[in-house]
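Below is one structure, written out as structure tokens; comments come after it.
The values are calculated or read from the model by the stated rules, or taken from the named source; none is laboratory data. Keep in mind that this is a model prediction, so the values were computed, not measured. Virtual Cβ from ideal backbone geometry, glycine too; neighbours counted across all protein chains shown.
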Amino acid sequence: MIRILLTSAATALTLSHAALASDGPLVTAEWLEQNLDAEGISVIEVSVNPGVYERGHIPGATNVVWHTDLVDPVRRDIASGERIQELLRAAGVNEDTTVILYGDTNNWFAAWGAWVLDVYGVQNVKLLDGGRKLWEAEGRALDTAAPAHPEGAITVADADATKRAFIADVVAASEGGSADIIDIRSADEFSGKIIAPEGFKETAIRAGHVTGAINVPWGQAVQEDGRFKSPEALKALYAEAGVDGSRPIITYCRIGERSSHTWFALSKILGYDVRNYDGSWTEYGNAVGVPVTNVAGLVWTGQ
């Protein structure tokens, strides 16, 4: 987690930066580097690979571990509101704080963090466009010191179930057409040729995709350097696939992290009505009695 707070500042320069931070769901690496010492911003690193944060992070960053901090340690679920509030307060977050998230692995897990915070009603949450990968590629400073922040006072809201899709919602959308379903996995996963990318342990019994879903792999939403495409380009990308925001949207992937990246693009950049299905294919592909389409012939694990 990285923490930087952006509040009213004394100088016109700081005020201009504050305006930039409040405009839109993304911040640039240039802006963040120039505002590392500003008040009113809480920057949070959410990386998934062990040791990444410890080897060097954006100066002032606080670490949040996806495996243990943003998910429930007992049941398969998102972290509780009490846990999220504890994490945010430890990072010094107050009600008027701008929270900036970034991480490794193409910002997938940082986007998951943004989605979880959205479920709990946390305002002014943004992603560092391009994430850790772009920050490092551009040679920007990293630090190994663990920061200490004054205790914050934010109070999170009760979880908003309308921000989240459950398996019953997905089945209803598949059978009744009540929402556009976007599968953001690779073409081979979508077709059922493979169940999970090589090296990934989380898998399912069945291969294929939710019947009626369309396939727009998450990577089509970003440029080569990992930054999101422009809103105009994103709108055209999804419109070509038949999604224009006129109907509710459900996104899913394998465990819900890649789909949260697409949720961010559709919900926060384009302003569409989107729910992320965090159960995703590891739940759906193991469920009984749900509509599955498989065009590649690999129906069962091991076949």
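Key figures for this structure:
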{"quantity": "Top-ranked residue of the range 253-280 - restricted to ones that are over 8 Å from the mean Cα position of the chain (by Cα) and of a type in the set (Ser, Thr, Tyr), ranked as surrounded by the fewest Cβ atoms within 10 Å (Cβ to Cβ)", "calculated": "Tyr272"}
{"quantity": "The range 220-257: number of residues that are in contact (Cβ under 8 Å) with a residue 60 or more places away in the chain, over 22 Å from Ala161 (Cβ atoms) and either of a type in the set (D, E, K, R) or part of a loop (DSSP other than H, G, I, E, B) (or both)", "calculated": "6"}
{"quantity": "Gly131 vs. criteria touching a residue at least 12 places away in the same chain (Cβ under 8 Å), within 20 Å of the chain's Cα centre (by Cα) and outside the structural domain of Ile255 (by TED's automatic domain parsing)", "calculated": "yes"}
{"quantity": "Flag for Glu45 being of a type in the set (Asp, Glu), assigned to a strand (DSSP E or B) and within 22 Å of Phe264 (Cα to Cα)", "calculated": "yes"}
{"quantity": "Filtered residues of the range 162-211 (kept if polar (S, T, N, Q), within 14 Å of Pro291 (Cα to Cα) and surrounded by fewer than 19 Cβ atoms within 10 Å (Cβ to Cβ))", "calculated": "Thr211"}
{"quantity": "Output for the range 78-100, where each listed residue is within 20 Å of Trp31 (Cβ to Cβ), aliphatic (A, V, I, L, M) and either in contact (Cβ under 8 Å) with a residue 60 or more places away in the chain or in a helix (DSSP H, G or I) (or both)", "calculated": "Ala91, Val93, Ile100"}
{"quantity": "Residue in the range 21-69 that is surrounded by the fewest Cβ atoms within 10 Å (Cβ to Cβ), counting only those that are polar (S, T, N, Q) and under 19 Å from Phe228 (Cα atoms)", "calculated": "Ser22"}
{"quantity": "Boolean, Arg185 is part of a loop (DSSP other than H, G, I, E, B), outside the structural domain of Gly51 (by TED's automatic domain parsing), modelled with pLDDT of 95 or more and under 29 Å from Tyr53 (Cα atoms)", "calculated": "yes"}
{"quantity": "Residue among Ala168, Ala159, Ala111 that alone is assigned to a loop (DSSP other than H, G, I, E, B) and either free of Cβ contacts under 8 Å to residues at least 60 places away in the same chain or of a type outside the set (Phe, Trp, Tyr) (or both)", "calculated": "Ala159"}
{"quantity": "Positions within the range 62-92 being over 19 Å from the mean Cα position of the chain (by Cα) and of a type in the set (Lys, Arg), in sequence order", "calculated": "Arg75, Arg89"}
